[in-house]
Amino acid sequence: MVSVISVILGILSNSWFLSTFLSAVVDAVLFLGYFAYMESSQGQTIGKQVMKLRVYGPDRASNPTLEQAIRRNIYAGLAILNIVPILGPVISVLAAIAAAVLTAVGINSDPQRQHWFDKFAGGTQVIKVG
């Protein structure tokens, strides 16, 4: 879908840079918006539902607030790095890989199994359900 938006923006703007910039912004907003909305409203994304995982707020009983969900998923905004000319997509992919590796290492080395994103969000936690 983002690729379709990028093509449409490129045709309408007739500018490679503008279409790339707008596409990167739309991509980052969509990714961050999806994760933040799903986790704050349902406590789960579709992937977490399949894996039987749920995100809880700091009280360990309710869904995180929208602000907590945004803070927890701030890494999803890495797509904005695509605005960097020529190297943007490479930088964006490398940053996403680094975020995934740091997340795995952080979760496995923390006694409460929280990464800094969870701590940054005020203490959210992902818990296996069912």
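Values quoted throughout were computed directly from the atomic coordinates according to the rules given, and no laboratory measurement underlies them. Bear in mind the structure is a predicted one, so any value in this text is a computation, not a measurement. Positions of Cβ are backbone-derived with ideal geometry, glycine not excepted, and every protein chain shown enters the neighbour counts.
Listing for the model above:
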read-out: Projected area, mean over directions - the chain, Cα convex hull, nm²; value: 8.5 nm²
read-out: Highest-first arrangement of 115-124, 87-96, where packing means the average Cβ count within 10 Å; value: 115-124, 87-96
read-out: Local net charge near G106, Cβ-Cβ under 11 Å (Lys/Arg +1, Asp/Glu -1); value: 0
read-out: 222 nm mean residue ellipticity, helices alone, for the chain (DSSP H n ≥ 4; -39,500 (n - 2.57); rounded to 500); value: -18500 deg cm²/dmol
read-out: Extension gain (nm, one decimal) between I8 and A104, 0.36 nm per residue minus Cα-Cα; value: 30.9 nm
read-out: L18/L87 FRET efficiency (R0 22 Å; Cβ-Cβ; nearest 0.05); value: 0.75
read-out: Highest-first arrangement of 22-35, 49-62, where packing means the average Cβ count within 10 Å; value: 22-35, 49-62
read-out: Kyte-Doolittle at least 1.0, axis length at least 27 Å by Cα - qualifying DSSP helices, the chain; value: 16-41, 88-109
read-out: Environment charge of M51, counting only residues whose C-beta is closer than 15 Å and scoring Lys/Arg +1, Asp/Glu -1; value: +4
read-out: The range 42-110: Cα Rg divided by the 2.2 N^0.38 Å rule of thumb; value: 1.33
